[in-house]
Amino acid sequence: MTTDNTRGLPVIGAVLLGGASRRFGTDKALADADGQPMGGVVVAALRDGGCDPVVGVGGLAGATLAIPTVADRYPGEGPLAALATVLLWARSGLVVVAACDLPRLQASHVRSLVEVAVPGLGGRASIAKVDGEAQPSLACWPAAAGVRLADAVRNGERAWRSAIKIVDHVLVEMPPDSTADADTPAELARLMQFWPDVGGDTH
């Protein structure tokens with residue numbers, strides 16, 4: 001298990017795989033992104049960015065992507081529920097959580113988040129910011145926040161934005177490609193054409 005060298009705590013990567021992919025039409029984690037599954041691009045960026053292990057959360061694509069899957073405690077209940085699931089599973093350290101449909105994600109984006117997140121009960125998340133807006137589909141969270149987020153899920157909260165209200169955080173400026181998501185095959189094709197060098201920064 002990789003640790004944050006300045007704090008000696010685990011840094012885990014988590015790919016959210018449990019979405020229904022209704023707009024995409026097939027499991028978008030397995031959609032072809034220049035010869036590799038889109039979810040595989042995210043897995044590689046997390047690994048190269050210093051996360052170990054990298055796990056999937058929910059869904060069925062984990063076996064194809066060759067990563068273990070953490071069963072979603074709240075299947076079908078949305079991204080906040082998936083986030084609570086993996087933080088409770090991790091228990092300690094930091095967890096970099098990324099949606100499976102970020103085909104432009106790079107290792108440098110991951111490292112930028114890990115550098116400023118703070119683990120522990122009084123910890124701080126680091127959340128990507130693009131064009132002035134928080135993008136919680138890419139963020140590094142203290143695992144200790146899992147209990148508070150699980151309480152929010154039980155109280156009916158479902159959206160990413162709820163996590164931002166609950167957990168202390170800092171926004172980290174990122175380039176637009178870092179959180180550019182592909183919700184449809186046409187969007188994936190456009191992203192691959194606009195930024196053709198998939199995984200160009202892996203070090």
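Please indicate, with yes or no, whether at least one residue in segment 151-166 is closer than 30 Å to residue 190 by Cβ and modelled with pLDDT of 95 or more. No, because not a single residue in segment 151-166 is closer than 30 Å to residue 190 by Cβ and modelled with pLDDT of 95 or more. For the structure I just gave you, tell me whether residue 77 is part of a loop (DSSP other than H, G, I, E, B) and either under 14 Å from the mean Cα position of the chain (by Cα) or surrounded by fewer than 19 Cβ atoms within 10 Å (Cβ to Cβ) (or both). Yes; evaluated as a whole, the condition is true for this residue.
Yes/no per residue for (1) of a type outside the set (Gly, Ala, Ser); (2) in contact with a Pro (Cβ under 9 Å, 6 or more places away or on another chain); (3) closer than 23 Å to residue 84 by Cβ:
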{"residue": "107", "(1), (2), (3)": "no, no, no"}
{"residue": "112", "(1), (2), (3)": "no, no, no"}
{"residue": "128", "(1), (2), (3)": "no, yes, yes"}
{"residue": "155", "(1), (2), (3)": "yes, no, yes"}
{"residue": "160", "(1), (2), (3)": "yes, yes, yes"}
{"residue": "164", "(1), (2), (3)": "yes, yes, yes"}
{"residue": "181", "(1), (2), (3)": "yes, yes, yes"}
{"residue": "187", "(1), (2), (3)": "yes, no, no"}
{"residue": "191", "(1), (2), (3)": "yes, yes, no"}
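Taking each residue of segment 98-123 that is over 10 Å from residue 172 (Cβ atoms) and looking for partners that are part of a loop (DSSP other than H, G, I, E, B) and charged (D, E, K, R) with beta-carbon atoms closer than 7 Å, six or more apart or interchain, yields 99/181; 101/181; 101/183; 102/181; 106/201; 107/201; 108/201; 119/7. Taken over segment 1-44, the residue count meeting the criterion of being at pLDDT below 65, closer than 22 Å to residue 144 by Cα and either surrounded by 14 or more Cβ atoms within 10 Å (Cβ to Cβ) or out of contact with any Asp or Glu (no Cβ under 7 Å at 6 or more places or on another chain) (or both) is 6.
Summed over segment 111-138, residues that are of a type outside the set (Ser, Thr, Tyr) and more than 17 Å from residue 9 (Cα to Cα) total 11. Pairing each residue of segment 30-59 that is touching a residue at least 12 places away in the same chain (Cβ under 8 Å) with any residue that is hydroxyl-bearing (Ser, Thr, Tyr) and in a loop (DSSP other than H, G, I, E, B), provided the two are 6+ apart or on different chains, yields C-beta distances under 6 Å for 48/202; 50/2; 52/2.
The values are calculated or read from the model by the stated rules, or taken from the named source; none is laboratory data. On a predicted model such as this, the values are computed, not experimentally measured, just so you know. FYI the Cβ positions are ideal-geometry reconstructions off the backbone, even for glycines, and counts take in every protein chain you see.
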